[in-house]
Structure formats: C-alpha cells, structure tokens
Amino acid sequence: MRRVILFLRGAVPLALVAVGLVALPTLAAWWLLGGPFGWRHLLVGLIGGAVLVGLGGLALGWALGRWRKGE
C-alpha cells in the first residue's frame with residue numbers, strides 16, 4: 001500500500017503538469033482562432049506543449065552544463 005501511495009504522489013502531479021502543458025496552448029489557440037473547438041486547436045496545443053517541454057529541457061540542460069563547469 002505504501003508503494004502505491006508513493007507512486008501516486010509522483011505520478012499525479014506529473015500528469016497534471018502534462019495536461020496543463022497541452023491544455024493551456026490548446027485553449028489559447030481556441031481563443032485566438034475562434035470558432036468551434038476542433039482538431040486544429042488540439043494540434044496547435046500539442047505542438048505548443050512539445051515546444052514548451054523542449055524549451056524547458058534546453059534551459060535545464062544549459063543550467064546543468066554551466067553548473068558542472070563551475071565546480
């Protein structure tokens with residue numbers, strides 16, 4: 001039971017962040033493009049989420065690279 005709780009403590013926040021990374025660009029595309037919600041809005045949201053994850057990964061890699069050189 002303890003392992004399940006530990007798994008959920010890590011998995012639930014990670015899933016919420018993943019949903020937020022897709023939902024926010026999707027809703028922004030729907031708001032900007034207008035019209036009924038459709039596949040194009042979802043596609044823009046998925047691409048926007050991937051770009052956000054990529055930029056975050058690049059920033060983290062850059063920061064870790066600078067931190068390693070500083071030691």
- Could you grab me the full set of residues in the stretch 48-71 that are surrounded by 10 or more Cβ atoms within 10 Å (Cβ to Cβ) and aromatic (F, W, Y)? W62
- Note on the structure: Filtering the stretch 41-71 down to residues that are over 14 Å from the mean Cα position of the chain (by Cα) and of a type outside the set (A, V, I, L, M) yields H41, G61, W62, G65, R66, W67, R68, K69, G70, E71
- Condition test on L27, is it outside any loop (DSSP other than H, G, I, E, B), modelled with pLDDT under 90, touching a Gly at 6+ places or on another chain (Cβ under 9 Å) and surrounded by 11 or more Cβ atoms within 10 Å (Cβ to Cβ)? no
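The values are calculated or read from the model by the stated rules, or taken from the named source; none is laboratory data. Not measured: the values here are computed from a predicted model. As a convention, Cβ positions derive from the backbone with ideal geometry for all residues, glycine included, and neighbour counts pool all protein chains shown.
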